[in-house]
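The values are calculated or read from the model by the stated rules, or taken from the named source; none is laboratory data. Just so you know, these numbers come straight off a predicted model, no measurement behind them. Methodologically, a virtual Cβ is constructed for each residue, glycine included, from the backbone with ideal geometry; neighbour enumeration extends over all protein chains shown. Calculation scope for accessible area: heavy atoms of the full protein, side chains included, ligands and nucleic acids excluded. Shrake-Rupley method; radii C 1.70, N 1.55, O 1.52, S 1.80 Å.
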Amino acid sequence: MPAGVDGAIVVKLPLPPGALPTLWNDDDRYVASYLPAYDGYYLTGDSGHIDDGYVFVMGRTDDVINVAGHRLPTGSMEEALAAHPNVAECAVIGVADTLKGQIPRGFVVLKAGTDREPGEVEAELVPLVRERIGAVASLKDVTVVVALPKTRSGKILRKTMRGIADGHDEPIPSTVDDPGVIEALRPVLRRADHKELRAAADARHSRFTSHSGVLRRGRGSPA
């Protein structure tokens, strides 16, 4: 792949002795899941790109959200958010939505020393994603947070964030590095602004429909 272009991250075979030899009691699923996609390479399931000699892991290849029938990888949205000069790290999750199935929500941590108002940066991030990915990304909600919840190995707990945002009583994983980060983020994740906006839009649509019906009846249609 050209530098800077996302693709599947693979490892050339043979692997070192003892490295990922199989799945527990399921050799066939191990072979079918990780070996046939690219001949001579082990498929990690991660996507990313190479730039300046470094491998940037952007997310899982199966980490996609379904927005109104469009399957969108969250990694590409995170890549767009991370391109902002004031963003240190970010995460995008899919939150349940009654109309579209899921809608993306972005969370970003600003770089140390950034003296800009969070609202200013948030206002710049939404059009940035639209410019890089297109309107189909439908990312309209980006929030600046102090920190993102991670495991002790540095993996962002997106599944936990998604569960809390969907209103579930998500337990704190035992591998979390700082449980306080999740507790601080919980009210932000459960913020229902997108639902309120959707309800307001539905109310406007209802009023418009009713008004249109009155106009049609006023033109001679039977009441």
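Every test in (1) out of contact with any Asp or Glu (no Cβ under 9 Å at 6 or more places or on another chain); (2) surrounded by fewer than 19 Cβ atoms within 10 Å (Cβ to Cβ) is passed by residue 72 save one, and that test is (2).
Scanning the stretch 180-200 for residues that are at pLDDT 90 or above, open to solvent by less than 60 Å² (accessible area, probe 1.4 Å) and not charged (D, E, K, R) returns 180, 181, 182, 185, 188, 189. Annotation note: Cβ proximity below 8 Å between a residue of the stretch 129-140 that is touching a residue at least 24 places away in the same chain (Cβ under 8 Å) and under 13 Å from residue 73 (Cβ atoms) and a residue that is open to solvent by 100 Å² or more (accessible area, probe 1.4 Å) and part of a helix (DSSP H, G or I) (sequence gap 6+ or interchain) occurs for 137/130; 139/130.
Kindly check whether there is at least one residue in the stretch 1-8 that is without any contact (Cβ under 8 Å) to a residue 40 or more places away in the chain and surrounded by fewer than 14 Cβ atoms within 10 Å (Cβ to Cβ). Among the residues of the stretch 1-8, at least one is without any contact (Cβ under 8 Å) to a residue 40 or more places away in the chain and surrounded by fewer than 14 Cβ atoms within 10 Å (Cβ to Cβ), which makes the answer yes.
Taking the stretch 141-157 as the range and being without any contact (Cβ under 8 Å) to a residue 24 or more places away in the chain and among the small types (Gly, Ala, Ser) as the test, the residues that pass are 153, 154.
Residues in the stretch 75-117 that are surrounded by 18 or more Cβ atoms within 10 Å (Cβ to Cβ), under 16 Å from residue 165 (Cβ atoms) and of a type in the set (A, V, I, L, M, F, W, C): 77, 90, 91, 92, 93, 95, 103, 107, 108.
When 155, 140 are checked against the criterion of being within 13 Å of residue 91 (Cα to Cα), surrounded by fewer than 16 Cβ atoms within 10 Å (Cβ to Cβ) and modelled with pLDDT under 90, 155 stands alone in meeting it. Can we say residue 50 is touching a Gly at 6+ places or on another chain (Cβ under 9 Å), open to solvent by 60 Å² or more (accessible area, probe 1.4 Å) and of a type outside the set (D, E, K, R)? So residue 50 passes the test. Evaluating residue 13 against the criteria (1) in contact with a helix residue (DSSP H, G or I) (Cβ under 8 Å, 6 or more places away or on another chain); (2) loosely packed, with under 15 Cβ neighbours inside 10 Å leaves one unmet condition, (1). Given the condition within 26 Å of residue 51 (Cα to Cα), open to solvent by 30 Å² or more (accessible area, probe 1.4 Å) and without any contact (Cβ under 8 Å) to a residue 40 or more places away in the chain, answer yes or no: does some residue in the stretch 158-177 qualify? Checking the stretch 158-177: not a single residue is within 26 Å of residue 51 (Cα to Cα), open to solvent by 30 Å² or more (accessible area, probe 1.4 Å) and without any contact (Cβ under 8 Å) to a residue 40 or more places away in the chain.
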